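Report on the structure given below.
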Amino acid sequence: MKSRLHRLEIRNFKAFREPFTLELEGRHLLVYGSNGSGKSSLYWALYTFLQSANKPTPGVAKYFDPADPQNLLNIHEKDPATKPGEIALTLRDIATKNDTTYRISQTVHGTRQQPAILKGDLASDFITYRFFFGFSDFRTRRRSTSGRYLRKRFSLSVSRPPEVANAGSDVERDSVRPT
């Protein structure tokens with residue numbers, strides 16, 4: 001069974017105080033927005049969800065427990081008991097178009113050892129939050145040279161046609177460094 005991420009639902013988790021639903025129809029997703037708009041919270045919701053497949057139930061519940069110091073609930077929610085946090089992910093089978101929804105919350109651990117989520121978790125370790133910070137230099141306004149960064153970071157060999165081989169040679173080298 002091959003499936004794709006079809007929907008992500010987040011409630012009372014990090015920046016998402018109110019229910020948030022992201023419907024994914026295509027193969028690619030670009031997330032952008034101003035500071036504080038929830039881009040990082042979206043990443044952490046997906047990352048927390050995928051990592052939950054390998055964690056024991058108490059290791060997942062703590063993220064949704066208002067009394068736990070490690071909770072990831074929205075800090076502005078005045079009554080988390082009446083608005084419990086939850087992350088739900090829906091996978092759609094490519095052939096049959098049938099949907100399967102998995103949930104995690106303080107009381108539900110629907111991802112525990114689920115093969116589809118475990119497979120997604122393998123990919124979540126490849127691209128980390130820290131990886132994304134390497135694409136731009138926050139101290140300058142120079143354009144990103146992520147291609148150079150990726151080649152350095154992953155030792156990729158990329159050949160370019162002669163007409164673009166020297167493109168950008170007059171631009172000062174970026175200051176992005178692998179960590």
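The values are calculated or read from the model by the stated rules, or taken from the named source; none is laboratory data. Only a predicted model underlies this, so the values are computations on that prediction, with no experimental measurement involved. Heads up, the Cβs are rebuilt from the backbone with ideal geometry, glycines too, and the neighbour counts pull from every protein chain shown.
Observations on the model:
- Matching residues, segment 5-56, being over 24 Å from residue 93 (Cβ atoms) and touching a Gly at 6+ places or on another chain (Cβ under 8 Å): 11, 12, 13, 14, 15, 16, 20, 39
- Count of residues meeting criterion [farther than 26 Å from residue 24 by Cα and touching a helix residue (DSSP H, G or I) at 6+ places or on another chain (Cβ under 8 Å)] in segment 66-105: 3
- Check on residue 40, in contact (Cβ under 8 Å) with a residue 60 or more places away in the chain, of a type in the set (Gly, Ala, Ser), under 19 Å from residue 107 (Cβ atoms) and part of a helix (DSSP H, G or I): no
- Some residue of segment 4-23 being modelled with pLDDT under 95, of a type outside the set (A, V, I, L, M, F, W, C) and part of a helix (DSSP H, G or I): no
- Condition met for residue 81 (more than 11 Å from residue 104 (Cβ to Cβ), hydrophobic (A, V, I, L, M, F, W, C) and in the same structural domain as residue 110 (by TED's automatic domain parsing)): yes
- Positions within segment 1-27 being of a type in the set (S, T, N, Q) and under 17 Å from residue 104 (Cα atoms), in sequence order: 12, 21
- Check on residue 27, in a strand (DSSP E or B) and among the charged types (D, E, K, R): no
- Restricting attention to segment 61-119 and to residues that are modelled with pLDDT of 95 or more and part of a helix (DSSP H, G or I), the residue that is surrounded by the fewest Cβ atoms within 10 Å (Cβ to Cβ) turns out to be 62.
- Residue 99 being without any contact (Cβ under 8 Å) to a residue 60 or more places away in the chain and more than 17 Å from the chain's Cα centre (by Cα): no
- Residue check for residue 14: exposed (fewer than 10 other Cβ atoms within 10 Å of the Cβ) and in contact (Cβ under 8 Å) with a residue 40 or more places away in the chain: no
- Residues within segment 4-20 that are in contact with an Asp or Glu (Cβ under 6 Å, 6 or more places away or on another chain) and over 15 Å from residue 49 (Cα atoms), tallied: 1
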